[in-house]
Each structure stands twice: as C-alpha cells, then as structure tokens.
Amino acid sequence: MAQSEDIYKTLTAAQERFAYFFLTADAASIAYTLRAVDGQHLAWWMLGIALAVVAWGASFFQGSHYLLHRTVILLLNWQRQRIIEGVDSRSAGKSEAEIQSALESLDKMHQARVQPSRSAGELLFALFYTGAVLYVAGLVWRVIVTR
C-alpha cells in the first residue's frame with residue numbers, strides 16, 4: 001500500500017508541475033507579446049498575434065480550472081481515507097451501512113470531477129500550442145505584408 005501511495009504522490013506532483021509550467025508559459029507568452037507590439041499601430045497582421053493572446057488567456061483559464069479540479073479530487077481522496085480510518089465525523093459511531101453510504105457519496109463526487117479535470121488539462125495543452133502557432137502565423141503574415 002505504501003508503494004502505491006508513493007506512486008500516487010509522485011504522479012500528482014508531476015501533474016501539478018506540468019500545469020504550473022503551462023500557466024507560467026501562458027503568462028510569459030502574453031506578457032512578451034504585449035510588450036513586443038507595444039506602441040505599434042494597429043494592422044491586419046496583428047490579428048494572428050491577437051488571437052494567440054486570446055488562446056494563451058484561454059489556456060491559462062483552463063489551467064486554473066485543471067488545478068481547481070485536481071485540488072478537489074485530492075481533498076475527496078483525503079476525506080475518503082479519513083472515513084475508512086474512522087477519524088472523520090461521518091464515520092465516528094456510524095453503522096457500516098452509513099459509512100458505506102458516505103463512501104459512495106464521495107466516490108460519486110470524485111467521478112464527477114475526473115472528466116472535467118481531464119478535459120481542462122487537455123485544453124490547457126492544446127490552447128497553449130494553438131497560441132504558439134497563431135503567434136508564428138502572425139509574424140509570417142507581418143513579413144509578407146511589410147515586404
């Protein structure tokens with residue numbers, strides 16, 4: 001059991017580092033882009049750049065939701081473990097049926113968070129790279145237009 005818990009902790013920490021990396025990359029990309037176009041007159045080639053900033057903003061939003069869902073999942077797992085160990089108020093002095101009902105309730109809440117967490121993580125990744133492609137497309141468009 002201890003080895004399984006160690007693997008779970010390692011996996012969870014890696015997922016969180018992944019999300020924090022992309023949150024940082026999103027914020028840095030937005031800041032760099034806004035600084036790079038600061039003071040320039042509006043032009044059509046900036047459309048790709050603007051869409052990149054929007055994609056990175058959406059990626060940041062999804063990353064925040066991913067971390068929120070992951071935190072709730074961890075708290076539900078912690079509550080479940082406390083019930084099993086008998087140290088949670090929902091299990092103290094309760095019958096086996098009541099404890100089982102509390103565990104089933106937590107399991108349902110856990111399952112309700114798994115898919116949104118997975119989707120937010122996938123969108124975080126996809127929107128970041130979409131922003132990068134749009135940024136490069138905007139720069140290419142700029143080179144073509146300003147020739």
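The values are calculated or read from the model by the stated rules, or taken from the named source; none is laboratory data. Keep in mind that what you see is a predicted model, and the values were worked out from it rather than measured. For neighbour counting, all protein chains shown are included, and Cβ atoms are generated from backbone atoms with ideal geometry for every residue, glycine included.
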Please state which of the following conditions ALA126 fails to meet, knowing it meets all the rest: (1) touching a Phe, Trp or Tyr at 6+ places or on another chain (Cβ under 9 Å); (2) under 30 Å from TRP45 (Cα atoms). (1)
(1) surrounded by 13 or more Cβ atoms within 10 Å (Cβ to Cβ); (2) modelled with pLDDT of 90 or more; (3) among the basic types (Lys, Arg); (4) over 24 Å from SER29 (Cα atoms) all hold for ARG80 apart from (2)
For LEU51, are the conditions met, namely being among the hydrophobic types (A, V, I, L, M, F, W, C) and in a helix (DSSP H, G or I)? yes
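Yes/no matrix, rows are residues, columns are (1) loosely packed, with under 14 Cβ neighbours inside 10 Å; (2) over 30 Å from LEU34 (Cβ atoms); (3) touching a residue at least 60 places away in the same chain (Cβ under 8 Å):
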| position | (1), (2), (3) |
| --- | --- |
| LEU51 | no, no, yes |
| LEU68 | no, no, no |
| ILE73 | no, yes, no |
| LYS94 | no, yes, no |
| ALA97 | yes, yes, no |
| GLU104 | yes, yes, no |
| GLN115 | yes, yes, no |
| TYR135 | no, no, yes |
Residue match in region 48-63 (condition: under 20 Å from LEU139 (Cβ atoms) and out of contact with any helix residue (DSSP H, G or I) (no Cβ under 7 Å at 6 or more places or on another chain)): yes
Could you list all residues from region 1-49 that are surrounded by 10 or more Cβ atoms within 10 Å (Cβ to Cβ) and acidic (Asp, Glu)? GLU5, ASP6, GLU16, ASP26
